[in-house]
1. Provide the per-residue ³J(HN,Hα) series for segment 93-98, in order, calculated from phi with Karplus coefficients 6.51, -1.76, 1.60 and θ = phi - 60°, each as a whole number of Hz, with x at glycine and proline positions.
2. How large is the dipole of segment 196-313 about the Cα centre if only Lys and Arg carry +1 and Asp and Glu carry -1, each at its Cβ, rounded to the nearest 20 debye?
3. If you fit an axis through the alpha-carbon atoms of helix 206-225 and take the longest principal axis of the Cα set of the chain, what angle between them do you get, 0 to 90°, nearest 10?
4. For helix 135-149, report the angle its Cα long axis makes with the longest principal axis of the Cα atoms of the chain; keep it between 0 and 90° and round to the nearest 10°.
5. Beyond a 18 Å Cα-Cα separation, which of these cross-linked pairs lie in this structure: Lys173/Lys276; Lys61/Lys249; Lys66/Lys239?
6. With the full set of protein chains in place, find how many percent of the accessible area of the chain is carbon and sulfur; take the probe as 1.4 Å.
7. In whole Hz, with x marking every Gly and Pro, tabulate ³J(HN,Hα) for segment 283-296 from phi via Karplus 6.51 cos²θ - 1.76 cosθ + 1.60, θ = phi - 60°.
8. Accessible area per residue for segment 301-349 in Å², computed with a 1.4 Å probe and the full protein assembly in place, what is it?
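The values are calculated or read from the model by the stated rules, or taken from the named source; none is laboratory data. If you're wondering where the values come from, they're calculated on a predicted model, not measured in any experiment. In this analysis, Cβ positions are derived from the backbone assuming ideal geometry, glycine residues included, and neighbour counts consider all displayed protein chains. Just so you know, the surface numbers come from the protein's heavy atoms only, side chains and all, with ligands and any DNA or RNA stripped out. Shrake-Rupley method; radii C 1.70, N 1.55, O 1.52, S 1.80 Å.
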Amino acid sequence: MEKAFNRQKVLLAHLQPASPCPSISTSICAAGDSAAYHRTAAFGDDIVIVAAYRTAICKAKRGGFKDTHPDDLLGFVLKAVVEKTNVDPREVGDIVVGTVLAPGSERAIECRMAAFYAGFPDTVPLRTVNRQCSSGLQAVADVAASIKAGYYEIGIAAGLESMTVNSISGVPKVNPRVEIFQQARDCLLPMGLTSENVAQRYGLTRQDQDQAAVESHRKAAAARASGKFKDEIIPVTTKIVDPETGIQKVVTISEDDGIRPNSNLADLSRLKPAFKKDGTTTAGNSSQVSDGAGAVLLMKRSLAAQKGLPVLGVFRSFAAVGVDPAVMGVGPAVAIPAAVQAAGLELNDIDLFEINEAFASQYVYCIKKLELDPEKVNVNGGALALGHPLGATGARCVGTLLHEMKRRGKDSRFGVISMCIGSGMGAAAVFERGDGVDALCNARKVESNDLLSKDAR
C-alpha cells in the first residue's frame, strides 16, 4: 500500500503543470473502491465550517438567561462568528436559524432584529427553519446545500430557543380525523409518553436510564472543570432581575448552569415518574428545558484558504428519516446509518458521536441498537446534563463535536451528530475533522486487498 502511494506521488509530481490546474488532482488516484470517503477532484469545493460558537446553556425560567430576550441571545452568537473570523458581514449570503417553539413569523422577525444587533447590513437576508429538535442541524444542512448549489459563497447556520419565553404546548385545536389515523394521533403524544413507550417496547429499565443521566452529568462536569467548553462558549453580558425586589444585576454568563456534578443513582432513584404513574421517565433522566443559542459559519474550502481561515470541520453528509411517532426517540438509530452510508463510510469509521439526550430511554436504546462503543458517545456529556434548547441543540452539537475532534487530532477523523424529532423522525450528519484530510490521506486499512492493484499487494 505504502509503495503504491509513494509511486503515485512521484508520477503525479511529473504530471502536475507549473501553474495550478483544477483538472489534475492527486486526490483522484488516492481514493479507490475501498476508500473510506470517495474524494473527487473538486477538493476545494468541500463545504467547511470555519467557526462554531454558542452561548452557555441555562435553565429556563430560573437560570442565567431567564431575563434575556431571545433576539439578544441570537445576536451575541451571530456577532461572534464574524468577529472572531474577521469575515465581512456584507459577504454573508444568507442566515438560516433553527427555532421551534415561538410562532413562526414572530420568531423570524426577532431573528432579523438580532442580525441588525450583530452588525449585519440590511442586504443580508435571513430565514428560520423548524424541524423540531433537529432545527439547528437542519439549518447547517440547508446552508451547506445552498453553498454547494452555488446560491451564495458564505452562509451562517444558527439555532435559538428561549424556553423561558416559549413553553412546550400541545396543538390548540385538533382535527377530529386523527381518531381514525393511529399514527396521526400518536403525533400528538407528549414527548414524555413516547419515552415511556421506548422504554417499555425495548425493555429499558429505570436503572439503565438513571445511570445514563449520572454519566452525562459526570462527563459534563469534568469537561467544564477542565475548560473544554471554553473553546465553544462565548461569554454573554446580560441582566438578571431579582423576582422579589425587582432589582437588576449585570452579569456575565460563560458556563452552562444545569450541570449537577454530584448527581448519583441514589438521589435519582427517589424521583417520581413524570409522565406515567408506573413509568420510568423522570425529571432526572429527561433533558432539561433550557435557553441558549449557537451559530456556525460555513463556506467552501477554497474560499477559506483564500481568506486564510483554519478549517474546523468538513460537512460530509446529512440524512433525515421518518419513524413511528409513538416511539419517536428511536430516530437516531435509523438516521445515523443513513447519514454514514451517504458519506461512503461505515459505523466503525466514526470516531465520535454526539447523540442528543432528549430522554435517557431513547439515548440508551440508540447506543444499544447500533452497538456503539459508549466511550465514543457524548464524551463531554449531553442534554441530560447540559440542557436541550430545542432549536439551538443542533448548532450546539456542531461546536461541541468539532472542537473535541480538533483536540483529539489524528485520533478523531469522522464524527456524527444525531437527534430524535417529535412526531416521529430522526436526523443525522457526518463531519470530518478540519485538518484530517489532504490530497493523499483518504484511504482506510482494509482486511482484503482484492480491489487494489498488484503493486499495492
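1. x, 6, 10, 10, 10, x
2. Working: 17 positive and 14 negative charges, 81 e Å.
I would put it at about 400 debye.
3. It is inclined by approximately 70 degrees.
4. Between the helix axis and the principal axis of the chain, the angle is about 30 degrees.
5. Details: Lys173/Lys276 24 Å; Lys61/Lys249 16 Å; Lys66/Lys239 9 Å.
Long pairs (Cα-Cα over 18 Å): Lys173/Lys276.
6. Values: 10640 of 20340 Å².
In the chain, the share of accessible area belonging to carbon and sulfur is 52 percent.
7. 4, x, 10, 10, 5, 7, 7, 8, 10, x, 8, x, 8, 10
8. Numbers: 1790 Å² over 49 residues.
Heavy-atom SASA per residue in segment 301-349 reads 36 Å².
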